[in-house]
1. Based on the Cβ-Cβ distance from B:S96 to A:E153, what FRET efficiency comes out when R0 is 35 Å, to the nearest 0.05?
2. Can you give the calculated 222 nm mean residue ellipticity of chain A, where each DSSP H run of n ≥ 4 adds -39,500 (n - 2.57) and the sum is split over every residue, rounded to the nearest 500 deg cm²/dmol?
3. If a/c stays under 1.5 just call it rounded; otherwise compare a/b with b/c (prolate if a/b is bigger, oblate if not). Do that for the range B:21-105, with a ≥ b ≥ c from the square roots of the Cα gyration tensor eigenvalues.
4. In a Gaussian network model over chain A where Cα atoms closer than 10 Å are linked, find which of A:A205, A:A192, A:A130 has the largest mean-square fluctuation.
5. Say the cut-off is 21 Å between C-alpha atoms; which of B:K27/B:K73; A:K157/A:K254; A:K31/A:K56; A:K172/A:K244; A:K62/A:K115 go over it?
Amino acid sequence: MKRITFLLFIGLLFFTGCKNKTIGVEWKFVKQIKLDNISPIGLQADGKYLWISDAKNNRVIKTDLDGSIVKKYPDIKRPMHLSLYNSKIFVPEYLTDNIITITEGKIETLQLNEKPNAPSGISVNDSVMAVADFYNHRIILIKKGNIKIIGKEGHKKGELYYPTDVALVNDKIYVADAYNNRVQVFDYNGNALKVIGDKDKINVATGIEVTDNNIFITDFEGNRILIYDLNSKLIYIINKHLNKPTDISVSENKMYVSNYAGSSISVFEQ
Amino acid sequence: MKRIKYILLLFILLGVSSSFAQDKEVKIRVDGLSCPFCAYGLEKKLNDIEGVENIHIDFEKGLVTLNIVGSQKISEDEIKSKVEEAGFTPKKIEISDFKKTSTKTIK
């Protein structure tokens, strides 16, 4: 009997090892959207469309949910992680240190009073904007015109090391602290509230998405998506159908993941 | 006489244009270029160098190639400094032009 129990246990271990790691609510793979000659970095789902930063070709594109391009916005110098707020797309322009906005097809340039050095991610929410400042290892927070600097270079709690993405949700700043291989959470005063994922062997945490219930982070080199609840508990890992994931966008129970090396978008649903 | 002047002028023009044709090709070998934020960051830093054009980064090979156009002088130290600013250590830098090739391995 002991032998059977042992074999069953081994079988169970093998079975769970072959599947996506299920701890909480499961995400199922739906399909792969192929992109032609595009290595996507930033991604924003917008109803029946996807906004994609195509850094390789210096442009932002809008596609339908099959990956067909419906609109191109050229001459944007290495666009990175995007933000969508009130039908306006915000694009950090990595090479010029500017923020580009796209509204109803119109492109404008927004110059920041506090200049970043290689802006890699942006989040806009009401009257607040946060910019991930890659080479200065900090977040620039602009709240009603006032600038607050969040974080500094380092590896301790409250310090950042090449941050690549940021999300503003419920008066908190969630940072993809890429080369510290973790997520950090700050309040608007710059106080470090939480460190998430530092024990989960993330290998370059490039992109972040935060919903009402979950925190999603891409593990670029590890080819994984790690999903946490808002208490920082790891509840689900996706480790299939990914190829160097850089960003995540969740919309209407679907999760879209940009695969930088795979030239594709992976779609999952709950 | 006019014909001689014309030929002389032609030679001068040819000489001037060839003296400006000092385009150089630079090859830099760097480890750890897989992340696009790092690779485009390196591109951004190298763009600061005067006369730099056609930066190409091969992620898989860890090879950066670029051209320096016109009569701009370029030193290996300047390139090394920009690569380090981007957060990398250059393994090897090669600068070549039409006449000679200089190769320096960074240890």
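Values in this text are rule-based calculations from the coordinates and carry no lab data. Computed from a predicted structure; not experimentally measured. For neighbour counting, all protein chains shown are included, and Cβ atoms are generated from backbone atoms with ideal geometry for every residue, glycine included.
1. 0.45
2. -2000 deg cm²/dmol
3. Prolate shape, in that a/c is at least 1.5 and a/b is the bigger ratio.
4. Of A:A205, A:A192, A:A130, the Gaussian network model singles out A:A192 as fluctuating most.
5. A:K157/A:K254; A:K31/A:K56; A:K172/A:K244; A:K62/A:K115
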